[in-house]
Amino acid sequence: MTEWSIDRAVTELLDRETARRDGGRITTEWPELDLATAYEVQDALVRRKVGAGENVVGVKLGLTSRAKQERMGIDSPLTAWLTDAMVLPAGEPVPLGELIHPRVEPEIVFVLGERLRGPGVTAATALAAVRSVHAGFEVIDSRYRDFSFALPDVVADNASSARFVVGAKGLAPSALDLGLEACLLGVDGKVVASATGAAVQGHPAEALALAANALGRRGVALEPGWIVLTGGLTDAVFVERGQEVTADFTSLGSLSVTGR
Ligand code: OOG
Ligand code: MG
């Protein structure tokens, strides 16, 4: 077996994605994979996707709520890339045949109107750069067995990204109180979890600032028009064939996805 390297990790993760196969943690075989190297894997993985024709359309945050941190056993937020190939138009089913073991989580989504470049970005300056706020879903699909990973594993795996939905309704950030914006997550008509925007780092704008500052340290700015997923408000739910997952927000409207 060849030695582990950034390139080999990228190939392994992309092979798993293409073959719809999960596997063991990379850190088990490559314990030297630290956080900085894991972000290099993530960047190289997205460069390969871009080389194959995908376009970067924004960023996602992960593990920004207690619900997510406790479930995954990791208490530090992370960032990852969104590409146009991950867009799931609202109303479209979750394509189960294209995925390994997808889970769905409700998120508050920002579309940026202005460039944001850290460090030094605060929640207030972050929110001022937002053009519109939307309800969203993320469909996560870890390339690790049972969604079991250490922080560097999940960072390398582009934070389990697979698909995302952005609700059509967009509000100006000044039109609602995002900390108090509530979300009820339902499965087949039954509420299984609930949260308000404050679940995400105290306020979703704090998550946006965190992303701008973390990426700023790596020399990257968030660009106008970019989509930012601020992180699951609640724990994610598995979606099975014929099952409908709904997210009802106070002001941002309702979204639903069905597994097919
Ligand atoms: C990691 C990705 C976390 C979120 O919103 O917290 C994430 C995972 O849970 O597999 O996307
Ligand atoms: Mg997410």
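The values are calculated or read from the model by the stated rules, or taken from the named source; none is laboratory data. As the structure is a computational prediction, the values presented were derived from the model and not from experiment. Cβ sites come from the backbone with ideal geometry, for glycine too, and all protein chains shown count toward neighbours. Surface accessibility is based on the protein's heavy atoms, side chains included, excluding ligands, DNA and RNA. Shrake-Rupley method; radii C 1.70, N 1.55, O 1.52, S 1.80 Å.
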- Item | Hey, Val245 in a strand (DSSP E or B), within 16 Å of ligand 2 (Cβ to nearest atom), among the hydrophobic types (A, V, I, L, M, F, W, C) and closer than 18 Å to Gly118 by Cβ or not | no
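Given the criteria farther than 24 Å from Leu35 by Cα, surrounded by fewer than 19 Cβ atoms within 10 Å (Cβ to Cβ) and touching a Cys at 6+ places or on another chain (Cβ under 8 Å), does Ser174 qualify?
Criteria not met by Ser174.
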- Leu14 more than 16 Å from ligand 2 (Cβ to nearest atom), over 18 Å from the mean Cα position of the chain (by Cα) and either acidic (Asp, Glu) or surrounded by 15 or more Cβ atoms within 10 Å (Cβ to Cβ) (or both): no
- Message: Looking at (1) more than 25 Å from Pro224 (Cα to Cα); (2) open to solvent by less than 70 Å² (accessible area, probe 1.4 Å); (3) of a type outside the set (Ser, Thr, Tyr), which one does Leu35 not meet, given that it meets all the others?
- Response: (2)
- So which residues in the range 68-86 are under 22 Å from Val187 (Cα atoms) and open to solvent by 40 Å² or more (accessible area, probe 1.4 Å), if there are any at all? Glu70, Arg71
- Restricted to the range 77-114, and to residues that are within 30 Å of Thr37 (Cα to Cα) and β-branched (Val, Ile, Thr), which residue is farthest from ligand 1 (Cβ to nearest atom)? Val111
- Message: From the list Val228, Val237, Val220, Val245, exactly one residue is within 16 Å of ligand 1 (Cβ to nearest atom), of a type in the set (A, V, I, L, M) and surrounded by fewer than 23 Cβ atoms within 10 Å (Cβ to Cβ). Which is it?
- Response: Val237
- Message: I'd like to know if the range 99-114 contains one or more residues that are small (Gly, Ala, Ser), in a loop (DSSP other than H, G, I, E, B) and surrounded by fewer than 22 Cβ atoms within 10 Å (Cβ to Cβ).
- Response: yes
- List the pairs whose first member sits in the range 128-142 and is under 14 Å from Trp226 (Cα atoms), whose second member is of a type in the set (Asp, Glu) and at pLDDT 95 or above, and whose Cβ atoms are under 6 Å apart, counting only residues at least 6 apart or on separate chains? Ala129/Glu114
- Message: Condition first: among the small types (Gly, Ala, Ser), within 16 Å of ligand 2 (Cβ to nearest atom) and in a helix (DSSP H, G or I). Now tell me which residues in the range 26-79 satisfy that.
- Response: Ala67
- Message: Would you confirm, using the coordinates I've provided, whether Leu96 is surrounded by fewer than 22 Cβ atoms within 10 Å (Cβ to Cβ), among the hydrophobic types (A, V, I, L, M, F, W, C) and closer than 26 Å to Arg48 by Cα?
- Response: yes
- Item | the range 124-174, residues that are of a type in the set (Ser, Thr, Tyr), within 13 Å of the chain's Cα centre (by Cα) and not in a strand (DSSP E or B) | Ser142, Ser160
- Item | Scope the range 177-199; condition open to solvent by 40 Å² or more (accessible area, probe 1.4 Å), farther than 26 Å from Ala80 by Cα and either within 16 Å of ligand 1 (Cβ to nearest atom) or not in a loop (DSSP other than H, G, I, E, B) (or both); matching residues | Lys190, Val191, Val192
